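The values are calculated or read from the model by the stated rules, or taken from the named source; none is laboratory data. A quick note: this is a predicted structure, and the numbers were derived from the prediction, not measured. For accessibility, only protein heavy atoms count, side chains too; no ligands or nucleic acids. Shrake-Rupley method; radii C 1.70, N 1.55, O 1.52, S 1.80 Å.
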Amino acid sequence: SVPITLTIVITQAPVGLNYASPNNFVVAMAITPLNPTVSGAQPMQFSVLPQLPAGLSIDPNTGIISGTPTTATPGAWYL
């Protein structure tokens, strides 16, 4: 037998994953960390696509988004 590493990726957000909104931030001003709320099973790891604006990051273990935006980005609308 040969040991292998298996990686499973789920490409859809779990039902009940939410962040408070709207979130409008100012360049060069640190944001108040955004804590996710999750109803149901807790994700094993958090990630975001497309990437967050420059200067912001997501903690892969807690899902908390924090940092200081370094550039302005256009707003986005999601339906």
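A compact table of results
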{"quantity": "Carbon plus sulfur fraction of accessible area for the stretch 14-61, probe 1.4 Å, in percent", "calculated": "57"}
{"quantity": "Exposure ranking of 39, 21 by accessible area [1.4 Å probe, largest first]", "calculated": "21, 39"}
{"quantity": "Prolate/oblate/rounded call for the stretch 17-61, Cα gyration tensor, a/c under 1.5 rounded", "calculated": "prolate"}
